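See below for the structure under consideration.
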Amino acid sequence: MADGGKPPTPEKKSWADVEEEEEAKAKAAAAAEAASSSSSNEPAVDAQAKQIEALSLSVPEEHGGSGGGGDDQGPPLLDDSDESQIQAVTSGGTVYESAAAFEDLKLTPELLKGLHDEMGFSRPSKIQAVTLPMILTPPYKDLIAQAHNGSGKTTCFVLGMLSRVDPNRKVTQAICICPTRELAQQNKSVLMRMGKFTGITCACAIPPAQKDYVPIAKMPKITDQVVIGTSGTLMKWINHKKILTNDIKILVFDEADHMLAEDGFRSDSERIMRDIQRSAGGCQVLLFSATFNERVKDFVTRVIKDGNQIFVKKEELTLEKVKQYKVQVPDERAKIAVIKDKIFEFGQKVGQVIIFVRTKQSTKDVHNALTLEDYVCSSIQGSLDQSEREKIIQEFKNGYTKVLISTDVLARGFDQAQVNLVINYDMPIKFGTRDEPDYEVYLHRIGRAGRFGRKGAVFNLLCGETDNTVMRKIETYFQHNVPEVRNWQSEEDFERALKDAGLVE
DNA sequence: AAAAAAC
């Protein structure tokens, strides 16, 4: 790609510079993107970058058995099929060897104990085998890593943070930024478990529940070695010197494409990034996500110029084990009928269900409609009080509630092994458009089912021509044919679909 | 015509 007009900058380009460039480019890109649904551009690869190997990253065989309260599933068992490929590109002269065992990574005995005894992992998943050496080997290069939903990305960056922290120094040395409070809490909980025997402490930087509110001035300084949080609160704590940034060695962006998208959290992320890099030079940056659309990929590869990169083609991104279906329904009322009379009839016996809707109001409407029919469910969205959010998530994670209605607050990252059914009550649409799908959100939503290679099913409820257009575009984009449940009134049709998905006998 | 974060 032409990159001609950039000024000669001897230093590493700052994020602000890249953003300016980005803006200039955006107009041209916007036009191109309209027609880009069939584009199959290769990622722009740095001329100096050397491709080391093309690795197969495929979803593991199911081995967790049915249900079981534990969320301590063993590691994905990755076969060597060519179903899906990831491309690893290294920068500079460092050579990395994929880690066949956690023991190959020079981890402390405490961390190995955490991985084996607490997490129940016996060996690294594919993405872990590839990225962990990149993360843990000096000179600690930055990393952009894309891998499938539920393939074990969290372990990659949590282990990265834990091993780069000096447990003897009671200062913040690692920061992780997430798009939602739920994800921040979930990541903290994974880190606490994995680091159980290390003595490393972690703070969650999210706004407190109302009852726990204290003015920032009265808040004590953070001494935890790891801080995981959402952008607003992290910024606030940094600005008020509650977090000192000069000893930070590693900065992680979870759901990085969203954290760095123009219509996502880019400006917040850049500000935090700048603050940290100003006071802690040479801080390692890790970007992780299951999705990087061409536009974001282009941006992040220019921001993280000197890092290692791993990408997956979008055609390879849908999970084999999660069967997608489309269902034509005449109206909204029929959607409720389908959910309760057809899908729940079988689906609820199987595991837990998440129903995605477009607006906060819709969570309430659908919740009410199902409650009227005597179905027990709960619903969540970002305007609920923090304590309420936590309660609903806790109840769902404990398995007390089987059906959760949600906005896209839970579209990304939410990890609950027992969820094997996802219903798109509303299809995800790009903001400001009528029938342009949000491909990334779609992929993240369906990725809530089929964690770590488990079986799952997705029902897309389509009402009207617009929904059909959206669905068609999604099929084209991922080059994945989505079969139709012929008759929304036919119990047999749904039963067959769930059988094909392997969810009912 | 929005979800998220946060003021």
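None of the figures in this text is laboratory data; all of them are computed from the coordinates on show. Computed from a predicted model, the values in this text were never measured in an experiment. Note that we place each Cβ from the backbone using ideal geometry, even for glycine, and neighbour counts take in every protein chain shown.
Classify region A:270-420 from the C-alpha gyration tensor, please: rounded if a/c falls under 1.5, else prolate or oblate depending on whether a/b exceeds b/c.
Details: a/c = 2.54, a/b = 1.83, b/c = 1.39.
Verdict is prolate for region A:270-420.
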Positive end of the charge dipole of region A:322-500 (Lys, Arg +1 and Asp, Glu -1 on Cβ, about the Cα centre): tell me which of A:354, A:375, A:466 has its Cα farthest that way. A:354
Residue-wise, which Karplus ³J(HN,Hα) couplings in Hz belong to region A:256-273, taking 6.51 cos²θ - 1.76 cosθ + 1.60, θ = phi - 60°, and x for glycine or proline? 4, 5, 6, 5, 10, 7, 4, 8, x, 10, 4, 5, 4, 4, 5, 5, 4, 4
Once Lys and Arg get +1 and Asp and Glu get -1 on their Cβ, which of A:479, A:384, A:343 lies farthest toward the positive end of the dipole of region A:322-500? A:479
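Got a sec? How would A:90, A:291 order by Cβ neighbour count within 10 Å, fewest to most? It would help to have the intermediate numbers written out before the result.
On the way: A:90 20, A:291 23.
Exposure proxy ranking, most exposed first: A:90, A:291.
Going by average Cβ neighbours within 10 Å, how do the peptides A:473-482, A:251-260, A:279-288, A:421-430 rank, with the highest at the top?
Numbers: A:473-482: 16.1, A:251-260: 25.6, A:279-288: 19.5, A:421-430: 22.8.
Ranking the peptides A:473-482, A:251-260, A:279-288, A:421-430 by packing returns A:251-260, A:421-430, A:279-288, A:473-482.
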Among A:381-390, A:182-191, how do they line up from the highest to the lowest mean number of other beta-carbon atoms within 10 Å? A:182-191, A:381-390
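Going highest first, how would you order A:485-494, A:159-168 by mean Cβ packing within 10 Å?
Numbers: A:485-494: 15.8, A:159-168: 20.3.
Ranked by mean Cβ neighbours within 10 Å, highest first: A:159-168, A:485-494.
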Give, in nm to one decimal, the length gained when the segment between residue A:196 and residue A:383 is fully stretched (0.36 nm per residue of separation minus the Cα-Cα distance). 64.0 nm
By the Cα gyration tensor axes a ≥ b ≥ c (a/c under 1.5 gives rounded; else a/b larger than b/c gives prolate, otherwise oblate), the shape of region A:322-500 is rounded
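Evaluate the charge dipole of region A:322-500 about its Cα centre and quote only its size in Debye, nearest 20, assuming +1 on the Cβ of each Lys and Arg and -1 on the Cβ of each Asp and Glu. Please report the intermediate quantities before stating the final value.
Values: 27 positive and 27 negative charges, 107 e Å.
I would put it at about 520 debye.
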First check a/c for region A:451-505, with a ≥ b ≥ c the square roots of the eigenvalues of its C-alpha gyration tensor; if it is under 1.5, answer rounded, and if not, answer prolate when a/b is larger than b/c or oblate otherwise. oblate
Once phi is turned into θ = phi - 60°, what whole-Hz ³J(HN,Hα) does the Karplus curve with 6.51, -1.76 and 1.60 give for every residue of region A:140-147, x standing for Gly and Pro? 6, 5, 5, 8, 10, 10, 10, 8
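Between residue A:209 and residue A:431, what is the FRET efficiency for a Förster distance of 45 Å, r being their Cβ-Cβ separation, to the nearest 0.05?
On the way: r = 29 Å, r/R0 = 0.65.
Computed FRET efficiency for residue A:209 and residue A:431: 0.95.
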I need the phi-derived Karplus couplings for region A:130-137: 6.51 cos²θ - 1.76 cosθ + 1.60, θ = phi - 60°, integer Hz, Gly and Pro marked x. 7, 7, 4, x, 5, 6, 9, 8
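Are any of the pairs A:297/A:397; A:153/A:297; A:313/A:342 more than 27 Å apart by Cα-Cα distance, and if so, which?
From A:297/A:397; A:153/A:297; A:313/A:342, over 27 Å: A:297/A:397; A:313/A:342.
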